[in-house]
Amino acid sequence: MTHFKKTQKELLAKLSITALNEMQEEVVLAIASVANTILLSPTGTGKTVAFLLPTLQGLDPDCEKVQLLILVPSRELAIQIEQVIRQMGSGYKANAIYGGRPISKDKIDLAHTPSILIGTPGRVADHMRRDTFETSSIKTLVLDEFDKSLEVGFEKEMREIIESLKQIEKRILTSATQDIDIPDFVGIKNEVVINYLNTKTTALSIQIVKSKEKNKLQALVDLLYHIGNEPGIIFCNFKNTIEYVSDFLKQQHIPHGHFYGGMEQIDRERALIKFRNGTHQIIIATDLAARGLDIPELNFIIHYQLPLKLEEFTHRNGRTARMNASGTAYVLKWIEEPLPEFINCTDILKLTDKETAILSQWSTLFISGGRKDKISKGDIAGLLFKQGDLNKNELGVIELKQDCAFVAVPKEKALGVVEKTNNTRLKKKKVRITLLK
């Protein structure tokens with residue numbers, strides 16, 4: 001089937017973007033003009049849109065094979081890029097494949113070959129060995145957050161993939177880190193480097209918060225009360241620490257979510273959904289959440305455990321004060337704990353004895369139907385207005401997936417909405433509507 005190419009303006013309109021920023025304009029021009037582009041730009045500056053615009057417009061509408069391969073270091077980043085492509089409404093099929101979900105699901109998606117394939121190196125290499133999809137038409141290769149892929153041990157798979165793609169004509173590498181070492185197997189030559197790492201103007205405030213106790217738990221709670229009911233991330237270095245901090249916050253009746261590598265994929269995705277829609281204002285996470293995630297603008301982040309490297313400190317801080325907005329990074333420090341050399345802040349925050357309730361006004365409902373059932377966000381909104389008796393200002397964020405949907409509704413009305421709408425027909429499908437725990 002022949003596609004009609006969308007203009008850049010049409011693609012951006014679907015994302016509600018009226019104009020590109022300076023970095024994006026430069027990247028679009030470079031990718032369209034040269035074979036090899038390296039983009040260095042901080043988290044949150046719009047790198048995904050920058051590389052998608054020219055690569056989408058470079059696709060052949062009459063080719064029925066994979067043309068664009070995007071390799072990413074994490075499942076979440078693969079899903080995020082897939083969603084952005086779908087939102088842009090380009091007309092080209094895109095699929096994300098990654099570890100943590102059944103190979104059988106991948107095969108169903110790939111049975112109707114996508115033009116764009118996004119995936120983690122391990123899963124992509126696995127499918128290439130199985131000959132699940134043909135690679136002869138892949139002319140453009142994007143390595144997004146390239147340095148992170150090497151860091152998490154994907155070099156063997158990346159070498160295997162890239163060395164088997166002899167017909168690549170265009171290579172695009174992105175990173176939020178300055179000094180990336182690019183191995184020879186990537187095939188980068190005569191590249192154009194676009195570096196915006198030192199030009200980002202942010203209003204990031206870094207403040208030290210001292211704790212009298214070594215475990216820093218009470219100081220953390222006092223800090224959260226000081227900040228008030230605002231969205232933010234508490235960063236820890238280890239999964240066990242997250243569980244330890246979480247138990248204490250539960251005792252203090254402070255609602256929150258978790259995000260770390262050992263969680264099941266479905267739990268990670270749902271934790272982010274609840275964070276995005278405001279069901280949880282706070283999420284406790286490892287450095288897995290420091291970049292490449294589709295999460296809302298944050299007012300603050302807290303280093304509950306001090307980062308081990310400058311790079312980790314930079315990426316954590318990059319979750320707030322994004323795209324020229326303001327934000328605060330709090331460094332929680334036991335009074336006898338030495339600060340790493342790369343944290344040279346002297347701004348000490350003295351906490352006052354104030355207690356602001358940290359509550360969410362939202363709950364998340366799960367709906368057992370999605371895009372493949374021809375269900376739209378409008379269908380969901382209509383059901384919740386008519387049968388759920390919600391007013392328009394009581395409908396929160398709706399996230400529509402292939403086979404399900406999630407919607408935020410006022411916490412005090414959530415159970416009532418479930419009772420009124422569960423086992424109702426949406427389009428032609430009878431859907432279950434339940435409260436997401």
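The values are calculated or read from the model by the stated rules, or taken from the named source; none is laboratory data. Here the structure is a predicted model, which means the values were calculated and not measured. Reconstructed Cβ throughout: ideal geometry from the backbone, glycine too, with neighbour counts over all protein chains shown.
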- prompt: From the set of residues in the stretch 208-240 that are surrounded by fewer than 17 Cβ atoms within 10 Å (Cβ to Cβ) and within 26 Å of the chain's Cα centre (by Cα), which is farthest from GLU22 (Cα to Cα)?
  reply: ASN240
message: Return the residues of the stretch 171-187 that are more than 15 Å from LEU310 (Cα to Cα) and touching a Leu at 6+ places or on another chain (Cβ under 6 Å); say none if nothing qualifies.
response: ARG171, LEU173, THR174, SER175
statement: Among ALA32, ALA94, the single one that is under 20 Å from TYR196 (Cβ atoms), more than 16 Å from the chain's Cα centre (by Cα) and small (Gly, Ala, Ser) is ALA32
field: Meets criteria (more than 21 Å from the chain's Cα centre (by Cα), more than 30 Å from ARG268 (Cα to Cα) and exposed (fewer than 14 other Cβ atoms within 10 Å of the Cβ)) for THR18
entry: yes
- prompt: If you check ILE380, ILE375, ILE343, ILE348, which single one turns out to be crowded, with 16+ Cβ neighbours inside 10 Å, over 25 Å from ARG86 (Cβ atoms) and either in the same structural domain as GLN218 (by TED's automatic domain parsing) or not small (Gly, Ala, Ser) (or both)?
  reply: ILE343
- prompt: So, in the stretch 73-115, of the ones that are in contact with a Phe, Trp or Tyr (Cβ under 6 Å, 6 or more places away or on another chain) and among the hydrophobic types (A, V, I, L, M, F, W, C), which residue ends up nearest to ALA290 (Cα to Cα)?
  reply: ALA78
task: For residues that are in contact with a strand residue (DSSP E or B) (Cβ under 7 Å, 6 or more places away or on another chain) and of a type in the set (Ser, Thr, Tyr), scanning just the stretch 31-67, find the one that is surrounded by the fewest Cβ atoms within 10 Å (Cβ to Cβ).
output: THR55
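Yes/no per residue for (1) in the same structural domain as ASP267 (by TED's automatic domain parsing); (2) of a type in the set (A, V, I, L, M); (3) within 28 Å of ASP179 (Cβ to Cβ):
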position: GLY46; (1), (2), (3): no, no, yes
position: PHE51; (1), (2), (3): no, no, yes
position: VAL72; (1), (2), (3): no, yes, yes
position: ASP106; (1), (2), (3): no, no, no
message: Against the definition (farther than 14 Å from VAL331 by Cα and out of contact with any helix residue (DSSP H, G or I) (no Cβ under 6 Å at 6 or more places or on another chain)), how does ALA271 come out, yes or no?
response: yes
Among residues of the stretch 387-402, those that are surrounded by 12 or more Cβ atoms within 10 Å (Cβ to Cβ), among the charged types (D, E, K, R) and free of Cβ contacts under 8 Å to residues at least 60 places away in the same chain, counted: 3
field: Members of the stretch 5-55 that are closer than 23 Å to ILE188 by Cβ, out of contact with any His (no Cβ under 8 Å at 6 or more places or on another chain) and assigned to a loop (DSSP other than H, G, I, E, B)
entry: VAL34, ALA35, SER41, PRO42, THR45, GLY46
- prompt: Which condition breaks for ASN317 when tested against (1) closer than 28 Å to ILE398 by Cβ; (2) surrounded by 19 or more Cβ atoms within 10 Å (Cβ to Cβ); (3) at pLDDT below 95; (4) not hydroxyl-bearing (Ser, Thr, Tyr)?
  reply: (1)
message: Can you say whether ILE233 is assigned to a loop (DSSP other than H, G, I, E, B) and aliphatic (A, V, I, L, M), as far as the supplied structure shows?
response: no
task: Say whether the condition of being exposed (fewer than 13 other Cβ atoms within 10 Å of the Cβ), in a loop (DSSP other than H, G, I, E, B) and either in contact with a Pro (Cβ under 8 Å, 6 or more places away or on another chain) or not assigned by TED's automatic domain parsing to the domain that holds PHE300 (or both) is met by at least one residue in the stretch 248-258.
output: no
- request: Would you be able to say whether some residue in the stretch 26-35 is acidic (Asp, Glu) and more than 27 Å from LEU400 (Cα to Cα)?
  value: yes
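Just give me the residues in the stretch 404-431 being more than 19 Å from ASN277 (Cα to Cα) and loosely packed, with under 14 Cβ neighbours inside 10 Å, in sequence order.
Of the residues in the stretch 404-431, the ones more than 19 Å from ASN277 (Cα to Cα) are 416, 419-431.
Result: GLU419, ASN423, ARG425, LYS427, LYS428, LYS430.
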query: Could we say that SER175 is of a type in the set (Ser, Thr, Tyr) and crowded, with 21+ Cβ neighbours inside 10 Å here?
result: yes
